[in-house]
Amino acid sequence: MFNYDTVYHTDTDGRARAHPHTGWTRCTRKLIHMSKEQDRSYEAQQTVCPYCGVGCTLEYAGNEKATGTEGPVNKKSEVCPKGVAAFDIVTHEGRLTEPLVSEDGEFTAVSWETAMDRIEAELTTIVDDHGADAVQFFASSNCTNEENYIFQKIARMLGTNNVDNCARMCHSSTVAAMSERFGAGAMTNSLGDMMETDCLLVAGANPAEQHPVIFRSYLLPAIRDGATLIHIDPRENDTTDAADIHLPVRPGHDIQLLNAITAVLLEEDLVDEDFIEERTTGVEEFRDQFDDADIEAGAEAAGVDPDRLREAARAYATAEAATIITGMGMSQHTSGTDNVRALLNLALLTGNVGRPGTGVNPLRGQNNVQGAGDVGALPNIFPGYEPVTDAEARERVAEEWGVEPPGEPGMTEVTATHHFGDEIRAAVVFGENPAMTEPDANSVSDAFDELDFCVVIDLFETETAAHADVLLPGSSWAEKSGTVTNTDRRVMRMRPNADLPGNSRRDLDILCELGSRLLDSGSFAYEGPSEVFDELTRVSPIYAGMSYDGIGEGCQRWPYPADAEEGVDILHTDEFANGEQQAPLMPVAPTPPADSVGDDQLVLTTGRVLAQFNSGALTRRSQTLTMMRGEDVLEIHPEDAEERGIEDGETVVVENERGGVTVTADVTATIQRGVVFCTFHYTEPLANAVTGGELDPVAEIPEYKHSAVTVTPAE
Ligand SMILES: Nc1nc2c(c(=O)[nH]1)N[C@H]1C(S)=C(S)[C@@H](COP(=O)(O)OP(=O)(O)OC[C@H]3O[C@@H](n4cnc5c(=O)[nH]c(N)nc54)[C@H](O)[C@@H]3O)O[C@H]1N2
Ligand SMILES: Nc1nc2c(c(=O)[nH]1)N[C@H]1C(S)=C(S)[C@@H](COP(=O)(O)OP(=O)(O)OC[C@H]3O[C@@H](n4cnc5c(=O)[nH]c(N)nc54)[C@H](O)[C@@H]3O)O[C@H]1N2
Ligand code: SF4
Ligand SMILES: [Mo]
C-alpha cells in the first residue's frame, strides 16, 4: 500500500515535500545533527510540545534542540520535526524582550510599570465610558489552562463574556453539533482506543501531516492490523496514501456525500437496529426523509463515484468497530455545524458510539485548544462547559470569585472584528494572530486600526502586534509551568527548560498583574500555576477530581468527577454526556457555500503542511522548519493549469473581490479539477486576503475551505 521506508525528500526545484508516514522520523534524526553551533546548558525537564494538540512530551536536548521523552501519548519518545525544532524560536534573536508602546506608529521600549500604567488607564476609561462589553478578549490556545483561566476570569469579573479563542475558527462547529446531540464536544474515545478499530473514516482531516504522531503511532498500527481507511478529502495527501478508499469530495459538498452514504446504509439495511431502538430518537421521521433518496445523484453532486461511495458505506457499517476522525475540511464551512450533524448520523445509525474502537473524534488543533475551551475561554460557557445563561452555574462561579459574572453570552472573536470601532472599542490579544488568521484578513487588519486601544501579549512582533498600542513580551512554552489538555482530554504538565530572555515576563504573571490592576489584587494573588489549577478544579466540574501533583509526569483525563478514582476513557457508554440515554437522529439538508463560483473561477480551499504551523509566527522563524518548507505553493490540476496557460513553477495571481495574492503554481493531479489549494502559513501569499467573512450561523466559524477565485499567470 505504501512504502514505509521511503524518506523525506526535496524536489529538484527545492520545494520540500514531507514523505508520507515516515519522512519525519528520519528527518528528525537529521535535524538533531543539524543544530546550531552554540550550546546552552539549560535544565532538561519533561514538558509538552508547543505545537499541535497531540500532546507529545519533550525536553531540552542540548545544542538548542528538543528531544522526545517517554510521555503519555508518545510512549516511545517519538516527536515530529516541529517538536525537535521547537527551541529555534525560544532562542530566536527576534524575540520581544522589552514592553513596547506605540507612539506615532513607532514602538518605544518602556518599563513594565509604564506599560501596565498605560493599559490600566486606557482600559479603565473605555470600560467606564462604554461598559465592559466594549472590550474583546482574545485568549490563547497556545497557552496553559491556568493562563486561559485567569484571562477569562479577568473578562468576566470586569463584566463581559466577550472572551473567545481560536477554537472558534477551528472546531467550534464540531463542538456545537456534538454538544447538541451527545452533550459533549470532545473526542468520544481515546487515542489508544483507536488501535482497536476495524475501520477509520477520516473526514476532512489529514492526520499524517497535522497530527503526525497520532498517525504514526496509533492509526498506522491499526491500518497495518487490517483496519480499512476511508479518506474524504478533495485532495490526495499523505493520509490518502495510506487509504483503501478515497472519496475526493468537491469542497463544500460534504452533506450531499454523507447523506448519500446514509441512504446506502438505509437502503442496504446496514444499520444497527438494536442500537437505534435503545440509543436514538426520531428514526421514523429520519427514514421518511431518505425514502426517495437518489444515491447516484447525491454522489455525483458531491463529485464522487457512486460505487466507491457504496463501498465506503459498506466498509464503515460492516466493521465490528468503526471510528470517525474529523477535521477542518468538515468544520470550516458556513455549513460546518450541519456537516458534523450529518457525520453524527452515520455513527448513530450504525451503533458506532460508546464502545471501544468507535466514536466521533475531532482531532484538536494547538497544544491547548481543548484546554482553552475546558477552562471557559469561550463566550457562552464557564469553566467546565457550564452555560453562562445558567443561574446556578453563575452562582457557583460567584462563590469562588466573589463577583457574579454576566449571564448573556459574549461576542465570538471573528464577529467581534466586524464590530471593531463601533461596539468594540478595545482588544486584549493574548497569544493569537487574528490579523493574519481570520478570514478577509485585509479588512480585519484595517478593523484593528479602528480600535481606541489594543494590547497584544506575544513572543514576536506579529502581524497583529503591528496594530498594538502596547505590546508586551510574554514567555514561550520553554519558560513556563502549568498544564495543557491534549486532543484526547488528557491534562499534562509543562515545566521550564530555559530562562526568560531580556525583560520578558511569564504570561501568568502578566495576566495576574493585569487582573490586580483592573479589578482587585486579592482575586489575582496566586503562588503559581498549581494554586490556579486548584481553583480551576473547584470551579470546573469536569476537572474536579484532578490534582496538580497527581498529574506529575503522567496525565489525568476529563471528565474526572470529584469522587472518582480516575477520568473516563470512552464517553457516552450507557448514556450520553448530557445524561440522556438517547440522542436524536436528525436529517440535514445541504446548503450552498457562501461564495458562488463563476464560470471562469476555481474553488480555493486552504489548509496545512507538516513543517509549518498556523500563522507561521513560530515556524516561519525556525531555521530548520523553513529549510523543510520555506514557501507556499498553489496546487492546481494540470487541465485547469493548461486552460489558463499556467506552467508548473510559474507565478500566478489568485484573486477575488476581497483581495489578490501571488504564489507559485504546483501543477499536480493530486488535486481535483476545479479546485486549488494553498496554506495560510505565510504572509506572502496571505491566503486569508481572499477568504470570506461569512460565518456558520450556529458556531460563527468562517468558510476557510471554499472561496471562489480566479487564477491567472502573473504578468
Ligand atoms: N503541521 C501542522 N500541524 C497542525 C497545524 C498546522 O498548522 N501545521 N495546525 C493545528 C491546528 S490549529 C488544527 S485546527 C489542526 C487541523 O488539522 P486538519 O483538520 O487536518 O487541517 P487542514 O489541513 O486545515 O484540513 C484538513 C483537510 O481538509 C481537506 N479539505 C479541504 N476542503 C474540504 C472540504 O470541503 N471537505 C472535506 N471533506 N475536506 C476538505 C484539506 O484538503 C485537508 O487535507 O492541525 C493542527 N496541527
Ligand atoms: N485560510 C485559513 N485560515 C485559517 C485556518 C485555515 O485552515 N485556513 N485555520 C484556522 C484555525 S483552525 C486556527 S486554530 C487559527 C489559528 O490562528 P492563531 O491562533 O491566530 O494562529 P497562531 O499562529 O497559532 O497564533 C499564535 C500566536 O501566539 C503566539 N504564541 C505562541 N506561544 C505563545 C506563548 O506561550 N505566549 C504568548 N504570549 N504568545 C504565544 C505566537 O507567536 C502567535 O503569534 O487559524 C485559522 N485560520
Ligand atoms: S505531533 Fe504535534 S505534539 Fe507531537 S511533536 Fe509533532 S507538533 Fe509536537
Ligand atoms: Mo485550529
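The values are calculated or read from the model by the stated rules, or taken from the named source; none is laboratory data. Just so we're clear, the structure is a prediction, and the values are computed from it rather than from any experiment. FYI the Cβ positions are ideal-geometry reconstructions off the backbone, even for glycines, and counts take in every protein chain you see.
Here is a yes/no grid of residues against (1) within 29 Å of the chain's Cα centre (by Cα); (2) farther than 24 Å from Arg489 by Cβ; (3) within 16 Å of ligand 4 (Cβ to nearest atom); (4) of a type in the set (Val, Ile, Thr):
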residue	(1), (2), (3), (4)
Thr97	yes, yes, no, yes
Trp112	no, yes, no, no
Arg118	no, yes, no, no
Glu122	no, yes, no, no
Tyr149	yes, no, no, no
Asp164	yes, no, yes, no
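Can Leu459 be described as in contact with an Asp or Glu (Cβ under 9 Å, 6 or more places away or on another chain), more than 16 Å from ligand 3 (Cβ to nearest atom) and of a type outside the set (Ser, Thr, Tyr)? For Leu459, the condition - in contact with an Asp or Glu (Cβ under 9 Å, 6 or more places away or on another chain), more than 16 Å from ligand 3 (Cβ to nearest atom) and of a type outside the set (Ser, Thr, Tyr) - is not met. Is there a residue being within 16 Å of ligand 3 (Cβ to nearest atom), touching a Lys or Arg at 6+ places or on another chain (Cβ under 6 Å) and closer than 16 Å to Leu191 by Cβ anywhere in segment 357-370? The answer is yes; a qualifying residue exists. Considering segment 294-346, the residues that are among the acidic types (Asp, Glu) and in contact (Cβ under 8 Å) with a residue 60 or more places away in the chain include one that is nearest to Val414 (Cα to Cα), namely Asp338. For segment 350-371, a residue qualifies if it is part of a strand (DSSP E or B), closer than 17 Å to Ile570 by Cα and within 13 Å of ligand 4 (Cβ to nearest atom), and exactly one does: Pro362.
Residue by residue through segment 100-136, note down the ones that are crowded, with 16+ Cβ neighbours inside 10 Å, farther than 19 Å from Glu461 by Cα and of a type in the set (A, V, I, L, M, F, W, C). Within segment 100-136, Leu123, Ile126, Val127, Ala132, Ala134, Val135 qualify. Being in contact (Cβ under 8 Å) with a residue 40 or more places away in the chain, crowded, with 19+ Cβ neighbours inside 10 Å, more than 16 Å from ligand 3 (Cβ to nearest atom) and more than 30 Å from Pro50 (Cβ to Cβ) is a description that applies to Arg425.
The rows are residues; the columns are (1) buried (at least 24 other Cβ atoms within 10 Å of the Cβ); (2) of a type in the set (Ser, Thr, Tyr).
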{"position": "Phe182", "(1), (2)": "yes, no"}
{"position": "Thr197", "(1), (2)": "yes, yes"}
{"position": "Val202", "(1), (2)": "yes, no"}
{"position": "Asn206", "(1), (2)": "yes, no"}
{"position": "Pro221", "(1), (2)": "no, no"}
{"position": "Leu258", "(1), (2)": "yes, no"}
{"position": "Ile261", "(1), (2)": "yes, no"}
{"position": "Glu268", "(1), (2)": "no, no"}
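The lone criterion from (1) in contact with a Pro (Cβ under 6 Å, 6 or more places away or on another chain); (2) under 17 Å from Gly252 (Cβ atoms) left unmet by Pro593 is number (1). Among the candidates Ala321, Ala293, the residue that is in the same structural domain as Asp193 (by TED's automatic domain parsing), out of contact with any helix residue (DSSP H, G or I) (no Cβ under 7 Å at 6 or more places or on another chain) and away from ligand 1 (no atom under 16 Å from the Cβ) is uniquely Ala321. Could you tell me whether Asp104 is among the acidic types (Asp, Glu), over 30 Å from Ser331 (Cβ atoms) and touching a helix residue (DSSP H, G or I) at 6+ places or on another chain (Cβ under 9 Å)? So Asp104 does not fit the description; no.
Please find, among Gly659, Gly607, Gly616, Gly630, the residue that is at pLDDT below 95 and under 27 Å from Gly431 (Cβ atoms).
Checking each option against the conditions leaves just Gly630.
Among the residues of segment 295-326, the ones that are outside any helix (DSSP H, G or I) and more than 30 Å from Gly185 (Cβ to Cβ) come to 1 in all. Please verify whether Ser217 is polar (S, T, N, Q) and under 25 Å from Gly83 (Cα atoms), treating the condition exactly as stated. Criteria met by Ser217. The listed residues are Ser504, Ser523, Ser445, and the only one of them that is closer than 20 Å to Ala377 by Cα and among the small types (Gly, Ala, Ser) turns out to be Ser523. If you go through segment 341-376 and pick out every residue that is of a type in the set (A, V, I, L, M) and within 16 Å of ligand 2 (Cβ to nearest atom), you end up with 4.
Residues to consider are Thr573, Thr591; find the one that is modelled with pLDDT of 95 or more, surrounded by fewer than 18 Cβ atoms within 10 Å (Cβ to Cβ) and in contact with an Asp or Glu (Cβ under 8 Å, 6 or more places away or on another chain).
It is Thr591.
With respect to Asp569, is the statement that it is under 22 Å from the mean Cα position of the chain (by Cα) and either at negative phi or within 16 Å of ligand 3 (Cβ to nearest atom) (or both) true? Yes; evaluated as a whole, the condition is true for this residue. Val54 meets each of the listed conditions (1) modelled with pLDDT of 75 or more; (2) surrounded by fewer than 23 Cβ atoms within 10 Å (Cβ to Cβ); (3) within 11 Å of ligand 3 (Cβ to nearest atom) apart from (2). Applying the set (1) under 23 Å from Leu585 (Cα atoms); (2) surrounded by 24 or more Cβ atoms within 10 Å (Cβ to Cβ) to Arg314 leaves exactly one unmet item: (2).
Scanning segment 517-535 for any residue that is hydroxyl-bearing (Ser, Thr, Tyr) and over 24 Å from Thr485 (Cα atoms) turns up at least one such residue.
If I filter segment 386-410 down to residues being in a helix (DSSP H, G or I) and in contact (Cβ under 8 Å) with a residue 60 or more places away in the chain, which single residue comes out as farthest from Ile542 (Cα to Cα)? Spell out how you get there, then give the answer.
First pass over segment 386-410, keeping only residues in a helix (DSSP H, G or I): 391-401.
From what is left, the residues that are in contact (Cβ under 8 Å) with a residue 60 or more places away in the chain are 396-397, 400-401.
Details: Arg396: 14, Val397: 14, Glu400: 16, Trp401: 19 Å.
In this case the residue turns out to be Trp401.
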